[in-house]
Amino acid sequence: ISARDMKIGNDVMIGPRFMAECDDHKFDSIGHTMYSIQKHRKIAKIVIENDVWIGGNVTILKGVVVREGSIIGAGSVVTKSTTPYSINYGNPCKFRRNRFDDIQLKEHLNNVNSSYTLNSIKKSMRSD
């Protein structure tokens, strides 16, 4: 894990060979070799919220928020933030389906004392 700025919530499961990369090398500096500017990096935080399951061999890149209740399938490369309570996988990692239907999700959110509401999740799905 090369995570300079990373936050991991509670009840998170992470499989083997997990990689989190909070920075990128600079490669577009005219007149400098990449080697000579290797310490100049672009850094962005990674956030893994509560109740997340990350499979084995997953790579999460800078600026990503893995939202509450999300599942990231094995071997995925996560380049964009997830919506809460979603199942995501692939390279690049993409939304595949929701974990629950609306009735189940509303009950689940109440039972786990989530900071999300059904409405806030629906709104985030429309904005992605």
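Evaluated against (1) open to solvent by less than 70 Å² (accessible area, probe 1.4 Å); (2) in contact with a Phe, Trp or Tyr (Cβ under 7 Å, 6 or more places away or on another chain); (3) modelled with pLDDT of 95 or more, R96 falls short on exactly one condition, (1). Of all the listed residues (S124, S86), the sole one being modelled with pLDDT under 95, surrounded by 16 or more Cβ atoms within 10 Å (Cβ to Cβ) and at negative phi is S124. Please enumerate the residues belonging to the range 57-95 that are over 28 Å from N110 (Cβ atoms), in a loop (DSSP other than H, G, I, E, B) and among the polar types (S, T, N, Q). Within the range 57-95, N57, S76, T79, N91 meet the criteria. Considering only residues in the range 99-121 that are on the phi < 0 side of the Ramachandran plot and not in a helix (DSSP H, G or I), the one that is most open to solvent (accessible area, probe 1.4 Å) turns out to be S115.
Within the range 27-48, the set of residues being open to solvent by 70 Å² or more (accessible area, probe 1.4 Å) and assigned to a loop (DSSP other than H, G, I, E, B) comprises F27, D28, I30, G31, H32, T33, M34, Q38, K39, H40, K45. Name the residue, out of K80, K42, K94, that is touching a Lys or Arg at 6+ places or on another chain (Cβ under 8 Å) and closer than 24 Å to M6 by Cβ. The conditions single out K42.
Within the range 54-70, identify whether any single residue is open to solvent by 90 Å² or more (accessible area, probe 1.4 Å) and either closer than 26 Å to I121 by Cα or touching a Cys at 6+ places or on another chain (Cβ under 8 Å) (or both), and answer yes or no. Within the range 54-70, none of the residues are open to solvent by 90 Å² or more (accessible area, probe 1.4 Å) and either closer than 26 Å to I121 by Cα or touching a Cys at 6+ places or on another chain (Cβ under 8 Å) (or both).
The values are calculated or read from the model by the stated rules, or taken from the named source; none is laboratory data. For clarity, every value in this text was computed on a predicted model and none was experimentally measured. Backbone-built Cβ (ideal geometry, glycine too); neighbour counts: all protein chains shown. Side chains are part of the model used for accessible areas, which takes the heavy atoms of the whole protein and leaves out ligands, DNA and RNA. Shrake-Rupley method; radii C 1.70, N 1.55, O 1.52, S 1.80 Å.
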